[in-house]
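The values are calculated or read from the model by the stated rules, or taken from the named source; none is laboratory data. Keep in mind it's a predicted model, so treat the numbers as computed, not measured. Note: ideal-geometry Cβ built from the backbone for every residue, glycine included; neighbour counts use all protein chains shown.
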Amino acid sequence: MDLLDFIPFRKELNKAYHGLTGNANQTSENPVFDELKVRRFSTPLKEAASLILDKIEHWVGWNLKSRKTSVGGMTMIRAEVSSFALLGTKIMVTFGLSEEIDRDGQPITTVNAKAETEIDARGDLGESRRVIRMVLSALDFEFRKSHVRDDEYLFRSLDPKGQTQAMQELFDNTSFQTNPDEDRKKPAKQAIPFKPAAKSNGTTRKPSVSEKQEPSSSPAASSEKKNVSEEKPSRAKVKVIKLKK
């Protein structure tokens, strides 16, 4: 036992500290807040995912951003929430759902969640935690008869520690905050117009200085010069005869 456990109201003080200094929250096996504990239900993954999507579509201020399946088979659902308490500040929340088969061949769906408030300040007054709690509470109520406790999960799962660690690491590797530029449409690339060379209106182009100074040293050019000199007609010499008077 740690000596810090004897401090009165230590757990409540720790909760207040996280609520005032943090703008991100995430579910775990042993969380500071009880409502952020990882949920497990004896139900197929499709049913849990469809319930989360239905709540996101009908709740005011919630906007579905993406739904995809990661490499490990985990279904990722990402949404954007407008906080009324923070005057419309955006909160990015992500849910990770993974399914496994127990010893009896029944499915067990594990639900992880994390949220971050897009705010410059360090604290968000617990808004990111309340966003996660809204969805987890809806799952607890809808699947209240199929909730899997920790001791029951240890008995039913084939590899409880390995499965828990693998799914937690897979979910933790996903980034908290998305780049806002990803949601915007990228502008189309502007093609550079091709301008053809202007045609000469019957005027001859004057050779440049470099063209005048550079003599043609190729053998073809020298042979052409020889042929031209040979083709020139030779002038006949005229002999003048003077007559003596």
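For the reader, a short list of remarks on this structure follows.
- Matching residues, the stretch 57-68, being within 19 Å of residue 85 (Cβ to Cβ) and touching a residue at least 12 places away in the same chain (Cβ under 8 Å): 59, 61, 62, 63
- Residue within the stretch 126-141 that is in contact with a His (Cβ under 9 Å, 6 or more places away or on another chain) and of a type in the set (Gly, Ala, Ser) present: yes
- Considered as a group, the residues in the stretch 12-36 that are over 25 Å from the mean Cα position of the chain (by Cα) and within 21 Å of residue 154 (Cβ to Cβ) include one that is surrounded by the most Cβ atoms within 10 Å (Cβ to Cβ), and that residue is 36.
- Selection status of residue 88, over 23 Å from residue 159 (Cβ atoms), crowded, with 17+ Cβ neighbours inside 10 Å and over 20 Å from the mean Cα position of the chain (by Cα): no
- Just one of (1) at pLDDT below 85; (2) closer than 16 Å to residue 27 by Cβ fails for residue 160. It is (2).
- Number of the condition not met by residue 106 [criteria: (1) touching a residue at least 24 places away in the same chain (Cβ under 8 Å); (2) in contact with a Ser or Thr (Cβ under 8 Å, 6 or more places away or on another chain); (3) surrounded by 15 or more Cβ atoms within 10 Å (Cβ to Cβ); (4) of a type outside the set (A, V, I, L, M)]: (3)
- Any chance residue 39 is touching a residue at least 12 places away in the same chain (Cβ under 8 Å), crowded, with 18+ Cβ neighbours inside 10 Å and under 17 Å from residue 153 (Cβ atoms): yes
- The lone exception for residue 99 - which of (1) crowded, with 21+ Cβ neighbours inside 10 Å; (2) touching a residue at least 40 places away in the same chain (Cβ under 8 Å); (3) assigned to a strand (DSSP E or B) it fails: (1)
- Among (1) of a type outside the set (S, T, N, Q); (2) part of a helix (DSSP H, G or I); (3) farther than 29 Å from residue 82 by Cα, the one test that residue 170 misses: (3)
- Evaluating residue 35 against the criteria (1) of a type in the set (D, E, K, R); (2) outside any helix (DSSP H, G or I); (3) within 24 Å of residue 166 (Cα to Cα); (4) out of contact with any Pro (no Cβ under 6 Å at 6 or more places or on another chain) leaves one unmet condition, (2).
- Evaluated against (1) out of contact with any strand residue (DSSP E or B) (no Cβ under 7 Å at 6 or more places or on another chain); (2) under 16 Å from residue 163 (Cβ atoms), residue 107 falls short on exactly one condition, (1).
- Qualifying residues in the stretch 65-85 (those that are among the hydroxyl-bearing types (Ser, Thr, Tyr) and over 23 Å from residue 168 (Cβ atoms)) - the one surrounded by the most Cβ atoms within 10 Å (Cβ to Cβ): 83
- If the condition is being assigned to a loop (DSSP other than H, G, I, E, B) and within 15 Å of the chain's Cα centre (by Cα), then the stretch 53-70 contributes only 70.
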